[in-house]
Amino acid sequence: MKLRNLLSTSESIVAAFVLLATLWGTSFVAIEAGLHYFPPLLFAGVRYAIAGAIVLGVAAVTSGRTVPSGRDEWLGVAVAATFVIAAYHGLLYVGELYISGAVTAVVVSLAPVLTAVFAALLLPSERLGPVEIGGFALGVLGVVVIADPTAAGVGGSTLLGVGLAFAGAVAFSLGAVLLRPLRTDLPIAALQGWAMVLGAGLLFVGAAAFGESPAAIEWNRTAIVSLAYLTLLSGVVAFLIYFALLDAVGPAQLHLVGYAEPVVAAVGSWVLFGSLIGAEAIVGFVAILAGFLALERRAIAAYVGFDAYHWPALTGRK
């Protein structure tokens, strides 16, 4: 049975949404824990090399075609591997050397806002009006509040970490927009699996370029649990849930999972490390969320006006 067939009721969709937010939100905390024992780029590379191989195996079993063919399909894989896997996660992991996983999750929640802006700039069918521009400004203001450059100083570690996480969100959003014209009938699981494997290769190249060595990995229980969790649960399982939800509710509603992740990450950081995010991160998150609501106000209004009262429509089946 395909996973998407299990999402036939509103309750199952809500449960899958909560589980996805939990798995991806706690991944920021798992990265923070694992970085004590792994060099960052090697850490991300090992995670996605294993996860990609597993996702490709799942794709081979569940779909009729797993190997890309033609220029557009291979170009789509290359874009996803470069921007969505390698650049995004490389910058994210290095950024978490300087800021907590919870703060990183808040900064990365800007990605849907950036995606809308890049779509307006690069795709002829999209455009931004004054309200959308204001929403983008709110989102950027949120990141500035989190970085707090006046307190951190130009060379402060917090500012550096926030800047790297922001650059990662830019890479992810740009990759998502560049993929839109390259949509083909290649199953999304196959696309993601190839992107993970090739993206892992790029991360390994980056690790070698920056002098990271496998000898620097400190194998202990925390390192193994962190890697296993990121690879199997927030990697393979979470992406399979994501594919099923994408099919069930579409991308507009699924974007909202990004705004549940910081809450989960904040709770996880408090439970594991006893750390709480500061007022700046909370204010920044509210500004980013307000920016997203401004950008997506029409889609949200349409969704609330109909689907909120007709839950079967959430399944994508009439």
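The values are calculated or read from the model by the stated rules, or taken from the named source; none is laboratory data. Worth saying up front: this structure is predicted, and the values here are computed from it rather than measured. With ideal geometry, Cβ positions are generated from the backbone for all residues, glycine too; neighbour counts draw on all protein chains shown. SASA here: full protein model, heavy atoms, side chains in, ligands and nucleic acids out. Shrake-Rupley method; radii C 1.70, N 1.55, O 1.52, S 1.80 Å.
Going through the range 67-120 one residue at a time, which ones are within 19 Å of F43 (Cβ to Cβ) and of a type in the set (S, T, N, Q)?
Matches in the range 67-120: T82, S100, T104.
Looking at the range 22-34, can you tell me whether even one residue there is at pLDDT 90 or above, among the acidic types (D, E), part of a helix (DSSP H, G or I) and crowded, with 21+ Cβ neighbours inside 10 Å?
yes
Give the residues of the range 180-212 that are in contact with a helix residue (DSSP H, G or I) (Cβ under 6 Å, 6 or more places away or on another chain) and among the small types (G, A, S), sorted by residue number.
If the condition is that a residue be in contact with a helix residue (DSSP H, G or I) (Cβ under 6 Å, 6 or more places away or on another chain) and among the small types (G, A, S), then A189, A190, G193, A195, G199, A200, G206, A207 are the ones that fit.
For T66, state whether it is closer than 28 Å to P187 by Cβ and modelled with pLDDT under 90. Can you show your working first?
Numbers: closer than 28 Å to P187 by Cβ: yes; modelled with pLDDT under 90: yes.
Spelling it out, T66 is indeed closer than 28 Å to P187 by Cβ and modelled with pLDDT under 90.
In the range 180-195, is there at least one residue being among the aromatic types (F, W, Y), within 22 Å of G101 (Cβ to Cβ) and touching a residue at least 24 places away in the same chain (Cβ under 8 Å)?
No: zero hits.
Select from the range 282-298 the residues that are modelled with pLDDT under 70 and assigned to a helix (DSSP H, G or I) and write down the one among them that is most open to solvent (accessible area, probe 1.4 Å).
R298
Tell me the residue from L245, L240, L272 that is more than 18 Å from S173 (Cβ to Cβ), open to solvent by 70 Å² or more (accessible area, probe 1.4 Å), in a helix (DSSP H, G or I) and modelled with pLDDT of 70 or more, please.
On the way: L245 fails: open to solvent by 70 Å² or more (accessible area, probe 1.4 Å); L240 fails: open to solvent by 70 Å² or more (accessible area, probe 1.4 Å).
L272 is the lone residue from the list that is more than 18 Å from S173 (Cβ to Cβ), open to solvent by 70 Å² or more (accessible area, probe 1.4 Å), in a helix (DSSP H, G or I) and modelled with pLDDT of 70 or more.
Given the range 73-161, what helices (runs of 4 or more DSSP H) lie entirely inside it while holding 1 or more residues that are within 29 Å of A200 (Cβ to Cβ) and at pLDDT 85 or above? Let's see the steps before the verdict.
Values: elements: 88-95, 101-108, 111-122, 130-147, 149-152.
Per the criteria, 88-95, 101-108.
Hey, among A215, A308, A266, A301, which residue is open to solvent by 20 Å² or more (accessible area, probe 1.4 Å), modelled with pLDDT of 70 or more and out of contact with any helix residue (DSSP H, G or I) (no Cβ under 9 Å at 6 or more places or on another chain)?
Residue meeting the stated conditions: A215.
Select from the range 59-72 the residues that are among the hydrophobic types (A, V, I, L, M, F, W, C), in a helix (DSSP H, G or I) and more than 21 Å from the chain's Cα centre (by Cα) and list them in ascending order.
Selection gives A60, V61.
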